[in-house]
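What follows is a single structure, written as structure tokens, with notes after it.
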Amino acid sequence: MKLNLKNTFSKELPADPITENTRRQVPQACFSYVIPKKTAKPMLLHVASSMAQALGISEQEALSKDFLEIFSGNTILPNAKPYAMCYGGHQFGNWAGQLGDGRAINLGEIEHANKRWAVQLKGAGETPYSRTADGLAVLRSSIREYLCSEAMYYLGVPTTRALSLMLTGDKVLRDVLYNGNAAYEKGAVVTRVAPSFIRFGNFEIFSSRNDANTLKKLTDYTIKYFYPHLGEPSKEAYVAFFKEVADKSLEMVLHWQRVGFVHGVMNTDNMSILGLTIDYGPYGWLEGYDLGWTPNTTDRQNKRYRYGNQPQVVQWNLYQLANALYPLIGEADGLEEILHNFSATYDSKEQKMLASKIGVFTNKKGDAKLLHSLQELLQAIETDMTIFYRELAAFNTVAPLKGLEVVKEAFYSLEEFTEELKEKWNLWFTAYAERLEKETLPANERIEKMQKINPKYVLRNYMAQLAIDASDKGDYSILNELFIMLMKPYDEQPEFSKWYAKRPEWARNKVGCSMLSCSS
């Protein structure tokens, strides 16, 4: 198997001069060279064929021993020099200092069809940034990351990708709920792919250390390869760079809100400089529509990363990036203007997005009130977000009082409907019917557009947990089935209709199905 491997990041940016793989602070360097840990008995569980093709890897090559050895970390390509990135970050709003790739090892960049892809192994062993951890990953978290990366891609959400999922043959000790009950689990490695894995935290670490020299090198590199249209390095180019990162980050979180995705751990070290969803840990999709829901047990008390707060957190994280870039610019006006405009721009785009979810594609007076009323009703009784919006496409303006019947599958308990609540819903459906009559789009075209905006299938946590439980017993059929289904999330796919269902009651409070820890 021949891969066109490049090493622009490690060739053009300063390296850690110490090659010993020991936990330590790494100053004035963007990365440290490190060799993946050899695995006992690697076994390929799944390959994302479209990602393999994008890298120039054929279906036959993906099943080869070479592929198994390279992407389990057992074989280092002749011209590869694996490394772990150095970065810092704000975690839950507090500066955490140096973090870095604690369990990710970058193999380099693969160039194919005029595109360059950074490739890294997650779970391939310790690095200088592993702190007290072992740098390994377990099957449980690896299945969640592998499935979700690709599910988000097919949903149309900007995301890092996954290439392969492998068992290592090793046992890994993990405390799932951080409650002192550690147990051994199956080890695994996910190969992750993206144009770049550079994060906000890569810039923050050098700014925090007053290392303007390395900060400039990293920023210039990032612009050269990922924002080349901004031209040569200058104060104006740096401000324009920040503006594009802000715009991409806004679009990313807008997509999250559209499909009901909650990241769960939006620390600045988990924010991509390319506006990609990165680091799939304790994520989840809304089951009951709840602006206050977070899937992260660590965030249970303050709910900083709750669904309804994600846009505000993106803006807060952008403030931290602006602070990090400030030493290169020396003046705050341009950065402050971009940050000031973020909220207004988001609010405008959010209203347009929410309107499109209900089939409204023009702007009329009263739309904001109609949308706000819907948000309140969706939270007044436990309502499945995905099913509600999907079923709403079948609403008939001629019979608005049958609206509740149209979307009844979205409600968890019809018995909880009071007469007062029914009346509120009927009033809303009547107003909704009147609003739809003002649209010029024929009903069949409206339905078609709504079905391309509102997915039928998302990766609910209970579904991922079923795949994990079966895979842990050596049965990968659910993993395969979910992967195939999630490649066409907007299609009806009647053969997968059993997955178009609300969260079952048994999953309401089950570990892995409701809230998850950062080890998930």
Requested in this report: Determine the pairs where a residue that is among the aliphatic types (A, V, I, L, M), located within segment 356-369, has a partner that is buried (at least 16 other Cβ atoms within 10 Å of the Cβ) and part of a loop (DSSP other than H, G, I, E, B) with Cβ atoms under 8 Å apart, the partner being 6 or more residues away or on another chain.
Outcome: VAL360/GLU439
Query raised in the report: Counting only residues that are of a type outside the set (Ser, Thr, Tyr), in contact (Cβ under 8 Å) with a residue 60 or more places away in the chain and within 16 Å of VAL119 (Cα to Cα), how many does segment 2-24 have?
Result: 6
Query - Total residues in segment 313-335, condition without any contact (Cβ under 8 Å) to a residue 12 or more places away in the chain and of a type outside the set (A, V, I, L, M, F, W, C) - result: 1
**Report entry** Filter result (over 16 Å from GLU376 (Cα atoms) and either open to solvent by less than 70 Å² (accessible area, probe 1.4 Å) or in contact with a Pro (Cβ under 7 Å, 6 or more places away or on another chain) (or both)) within segment 408-425
**Finding:** TYR412, SER413
Report summary line: Going through (1) open to solvent by 10 Å² or more (accessible area, probe 1.4 Å); (2) modelled with pLDDT of 95 or more; (3) not hydroxyl-bearing (Ser, Thr, Tyr) one by one, PHE395 fails only at (1)
**Report entry** Complete set of residues in segment 27-53 that are open to solvent by 70 Å² or more (accessible area, probe 1.4 Å) and not aliphatic (A, V, I, L, M)
**Finding:** PRO27, GLN28, LYS37, LYS38, LYS41, GLN53
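Among the residues of segment 152-182, write down those that are under 10 Å from the mean Cα position of the chain (by Cα) and hydrophobic (A, V, I, L, M, F, W, C).
From segment 152-182, those under 10 Å from the mean Cα position of the chain (by Cα) are 152-153, 157-161; that's our starting set.
MET152, VAL157 - these are the residues of segment 152-182 that are under 10 Å from the mean Cα position of the chain (by Cα) and hydrophobic (A, V, I, L, M, F, W, C).
So, TYR225, is that one touching a residue at least 60 places away in the same chain (Cβ under 8 Å), open to solvent by 40 Å² or more (accessible area, probe 1.4 Å), in contact with a Ser or Thr (Cβ under 9 Å, 6 or more places away or on another chain) and not in a strand (DSSP E or B) or not? Please lay out each step first, then the result.
Details: touching a residue at least 60 places away in the same chain (Cβ under 8 Å): yes; open to solvent by 40 Å² or more (accessible area, probe 1.4 Å): yes; in contact with a Ser or Thr (Cβ under 9 Å, 6 or more places away or on another chain): yes; not in a strand (DSSP E or B): yes.
Considered against the rule, which asks whether it is touching a residue at least 60 places away in the same chain (Cβ under 8 Å), open to solvent by 40 Å² or more (accessible area, probe 1.4 Å), in contact with a Ser or Thr (Cβ under 9 Å, 6 or more places away or on another chain) and not in a strand (DSSP E or B), TYR225 comes out as yes.
Can you pull out the helices (runs of 4 or more DSSP H) entirely within segment 367-406 that have at least 1 residues that are out of contact with any Asp or Glu (no Cβ under 7 Å at 6 or more places or on another chain) and closer than 13 Å to ASN454 by Cβ? Walk me through it before giving the result.
On the way: elements: 367-380, 385-392, 403-406.
Output list reads 385-392.
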Query - Selected residue [in contact with a helix residue (DSSP H, G or I) (Cβ under 6 Å, 6 or more places away or on another chain), open to solvent by 10 Å² or more (accessible area, probe 1.4 Å) and over 24 Å from ASN341 (Cβ atoms)] from LYS186, LYS171 - result: LYS186
Query raised in the report: Would you say ARG199 is closer than 13 Å to ALA137 by Cβ, open to solvent by less than 40 Å² (accessible area, probe 1.4 Å) and touching a strand residue (DSSP E or B) at 6+ places or on another chain (Cβ under 9 Å)?
Result: no
Report summary line: Reported set for segment 97-136 where residues are open to solvent by 30 Å² or more (accessible area, probe 1.4 Å) and of a type in the set (Asp, Glu) is GLU111, GLU126, ASP134
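Give ALA501, ALA470, ALA433, ALA464 a once-over and let me know the one that is surrounded by 13 or more Cβ atoms within 10 Å (Cβ to Cβ), touching an Asp or Glu at 6+ places or on another chain (Cβ under 9 Å) and of a type in the set (A, V, I, L, M, F, W, C). Talk me through it step by step, then tell me what you get.
On the way: ALA470 fails: touching an Asp or Glu at 6+ places or on another chain (Cβ under 9 Å); ALA433 fails: touching an Asp or Glu at 6+ places or on another chain (Cβ under 9 Å); ALA464 fails: touching an Asp or Glu at 6+ places or on another chain (Cβ under 9 Å).
One residue alone meets the criteria, ALA501.
Yes/no matrix, rows are residues, columns are (1) charged (D, E, K, R); (2) closer than 20 Å to GLY260 by Cα; (3) part of a helix (DSSP H, G or I):
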| site | (1), (2), (3) |
| --- | --- |
| LYS456 | yes, yes, no |
| ASP469 | yes, no, yes |
| ILE484 | no, no, yes |
| ALA501 | no, yes, no |
| TRP506 | no, no, yes |
| CYS513 | no, yes, no |
Query raised in the report: For GLU232, all conditions in the list (1) in a loop (DSSP other than H, G, I, E, B); (2) free of Cβ contacts under 8 Å to residues at least 60 places away in the same chain; (3) within 23 Å of the chain's Cα centre (by Cα) hold save one; what is the number of the exception?
Result: (3)
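Mind listing whichever residues of segment 328-384 are of a type in the set (D, E, K, R) and open to solvent by less than 30 Å² (accessible area, probe 1.4 Å)? Write out each step before concluding.
Step one: list which residues in segment 328-384 are of a type in the set (D, E, K, R), which gives 331, 333, 336-337, 347, 349-350, 352, 357, 364-365, 367, 369, 376, 382, 384.
The answer is LYS357, ASP367, ASP384.
Residues are listed down the side, and each one gets a yes or a no for (1) outside any helix (DSSP H, G or I); (2) β-branched (Val, Ile, Thr); (3) under 24 Å from MET515 (Cα atoms):
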| residue | (1), (2), (3) |
| --- | --- |
| TRP293 | yes, no, yes |
| LYS303 | yes, no, yes |
| PRO311 | no, no, yes |
| ASN323 | no, no, no |
| LEU335 | no, no, no |
| ASN341 | no, no, no |
| LYS349 | no, no, no |
| VAL360 | yes, yes, no |
Query - Selection within segment 289-336 - under 23 Å from the mean Cα position of the chain (by Cα) and among the acidic types (Asp, Glu) - result: ASP290, ASP299
Requested in this report: Using the structure shown, decide if PHE483 is aromatic (Phe, Trp, Tyr), farther than 26 Å from PHE361 by Cα, surrounded by 14 or more Cβ atoms within 10 Å (Cβ to Cβ) and touching a strand residue (DSSP E or B) at 6+ places or on another chain (Cβ under 9 Å).
Outcome: yes
**Report entry** Pairs with Cβ under 7 Å, 6+ apart, first in segment 131-152 and assigned to a loop (DSSP other than H, G, I, E, B), second among the β-branched types (Val, Ile, Thr) and buried (at least 24 other Cβ atoms within 10 Å of the Cβ)
**Finding:** GLY135/THR127
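Within segment 69-94, how many residues turn out to be charged (D, E, K, R) and either more than 23 Å from ILE198 (Cβ to Cβ) or buried (at least 24 other Cβ atoms within 10 Å of the Cβ) (or both)?
Filtering segment 69-94 for residues charged (D, E, K, R) gives 69, 81.
From what's left, either more than 23 Å from ILE198 (Cβ to Cβ) or buried (at least 24 other Cβ atoms within 10 Å of the Cβ) (or both): 69.
Counting residues in segment 69-94 that are charged (D, E, K, R) and either more than 23 Å from ILE198 (Cβ to Cβ) or buried (at least 24 other Cβ atoms within 10 Å of the Cβ) (or both) gives 1.
The values are calculated or read from the model by the stated rules, or taken from the named source; none is laboratory data. Just so we're clear, the structure is a prediction, and the values are computed from it rather than from any experiment. Glycine also receives a Cβ, built like all others from the backbone with ideal geometry; neighbour counts cover every protein chain displayed. Heavy atoms of the whole protein, side chains included, go into the accessibility calculation; ligands, DNA and RNA do not. Shrake-Rupley method; radii C 1.70, N 1.55, O 1.52, S 1.80 Å.
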